[in-house]
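First comes the structure, then the notes that go with it.
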Amino acid sequence: MEAFTVDDIPLVKPGDDIAAMICERAALEDGDVLVIASTIIAKAENELFSLDDITPSDRAIGIGKKDDKDPRLVEAVLDRCSECFVESPVMLVQSDRAHVCINAGVDDSNVENDLLADLPRDADASARSIGERVEEITGCRVAVVVTDTNGRAFRLGQTGVAIGLYHATPIYYWRGTKDLFGYEMQISEEAVADEVAAAANLLMGEGSGGNPVVVVRGIPLFTEEKTSARQLYRPDNMDIIKKALRIFQES
């Protein structure tokens with residue numbers, strides 16, 4: 001496996017053709033995985049907003065005081081979540097785009113003009129649109145992984161995770177295979193799309209890294225099947241952390 005950045009991607013503006021930008025700057029091959037930071041997709045799709053356009057509710061003002069946070073930002077998060085699991089000291093929510101994360105994925109980094117960026121409205125659809133456009137331009141069949149940075153329960157630090165997929169295998173199922181000693185594996189599931197997202201994040205960097213697109217080559221992630229990042233989300237009735245957070249909220 002090898003991974004490399006697509007260099008000299010300019011600052012993305014609403015309406016920009018991200019696929020064309022990539023194809024102009026990288027010699028792609030069949031089976032390549034394009035790993036793309038969600039922020040530039042949000043910018044291209046004009047998923048941008050200003051706090052100046054938001055009037056905070058009483059609830060947002062109250063949370064803002066507890067968290068020492070601009071109540072307009074709190075209101076933006078509340079408006080974009082389907083469920084709020086934790087209000088303070090951070091806002092952990094299920095965004096209306098299915099992703100569980102801090103602040104509903106609202107991002108103020110690498111966005112100019114004092115604007116904030118939402119997550120792409122449908123990251124799977126965004127991945128598909130870029131993948132199909134790359135195929136149209138180059139003739140290469142590629143997989144696309146749209147990423148965001150996420151914290152993790154029980155562990156410090158953030159890592160890249162997949163929030164949108166196109167022709168990318170989300171999970172390898174090892175059930176039924178044998179280990180080194182011939183024992184049949186029963187439950188092992190490997191979140192390979194998240195692992196590729198995390199590997200690419202090492203090259204993307206944070207802050208001023210300026211490398212929002214990474215090509216991963218030599219790993220068999222491409223699949224002819226239609227896939228979705230939602231396949232990586234634990235079913236609600238099996239998610240013990242969500243259940244515990246709901247109990248905590250009710251107490």
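Could you name the lysines whose alpha carbon sits less than 23 Å from that of residue 43, not counting residues in the same chain fewer than 8 places away?
Leaving aside lysines fewer than 8 places away in the same chain, those within reach of residue 43 are 13.
Find the accessible area per residue for the stretch 182-251; the probe is 1.4 Å, ligands and nucleic acids are left out, and the unit is Å². Walk me through the intermediate numbers first.
Details: 4550 Å² over 70 residues.
Per-residue value: 65 Å².
Where the only charges are on Cβ atoms (+1 Lys, Arg; -1 Asp, Glu), what is the dipole of the stretch 1-78 about its Cα centre, to the nearest 20 debye? The partial results should precede the final answer.
Working: 8 positive and 18 negative charges, 122 e Å.
Value, rounded to 20: 580 debye.
5 Å is the cut-off here: which amide hydrogens, built 1.01 Å from N in the peptide plane, fall below it relative to residue 86, excluding neighbours closer than 5 in sequence?
Excluding prolines and chain starts, which carry no amide H, the hits are 92.
Given Cα pairs under 8 Å that are at least 6 residues apart, what percent is the relative contact order of the stretch 98-251?
RCO, the stretch 98-251: 19 percent.
Can you send over the carbon and sulfur percentage of the accessible area for the stretch 104-194, probe radius 1.4 Å, protein chains only?
Details: 2490 of 5010 Å².
Reported share for carbon and sulfur atoms: 50 percent.
Just to check I understand the Karplus step: with θ = phi - 60° and J = 6.51 cos²θ - 1.76 cosθ + 1.60, what whole-Hz values come out for the stretch 9-26, glycine and proline as x?
3J(HN,Hα) across the stretch 9-26, in whole Hz: 5, x, 4, 7, 10, x, x, 5, 9, 4, 4, 5, 4, 5, 5, 6, 10, 9.
For residue 242, list the lysines whose Cα falls under 25 Å from its own Cα; do not include residues on the same chain fewer than 8 positions away.
Output for residue 242: 66, 69.
Long-range amide H contacts for residue 95: which residues qualify at under 5 Å (H placed 1.01 Å from N, peptide plane, sequence gap of 5 or more or a different chain)?
Under 5 Å from the amide H of residue 95: 82, 100, 101.
Beta carbons within 10 angstrom, averaged per residue: use that to sort the peptides 194-202, 179-187, 17-25, highest first. Don't skip to the end; give the middle numbers.
Working: 194-202: 21.2, 179-187: 8.1, 17-25: 17.8.
The most tightly packed comes first, giving 194-202, 17-25, 179-187.
If you average the alpha carbon positions of the stretch 55-87 and of the stretch 123-179, how far apart do those two centres end up, in angstrom?
30 Å
Calculate one ³J(HN,Hα) per residue across the stretch 218-235 by plugging θ = phi - 60° into the Karplus curve 6.51 cos²θ - 1.76 cosθ + 1.60, and present them in order as whole Hz with x for glycine and proline.
So the J values, rounded to whole Hz, are x, 10, x, 8, 5, 9, 6, 6, 6, 10, 8, 5, 5, 5, 8, 8, 5, x.
Only helical DSSP H runs with n ≥ 4 go in: add -39500 (n - 2.57) per run for the chain, normalise by residue count and round the 222 nm mean residue ellipticity to 500 deg cm²/dmol. Don't skip to the answer; put the middle values down first.
Details: 7 runs with 74 residues, N = 251.
Using -39500 (n - 2.57) per qualifying helix, the result is -9000 deg cm²/dmol.
The values are calculated or read from the model by the stated rules, or taken from the named source; none is laboratory data. Note that the coordinates shown come from a computational prediction; the quantities given were computed from them, not determined experimentally. Please note: Cβ atoms are built from the backbone with ideal geometry, for glycine as well, and neighbour counts cover all protein chains shown. The area values use the complete protein model at the heavy-atom level, side chains included, leaving out ligands, DNA and RNA. Shrake-Rupley method; radii C 1.70, N 1.55, O 1.52, S 1.80 Å.
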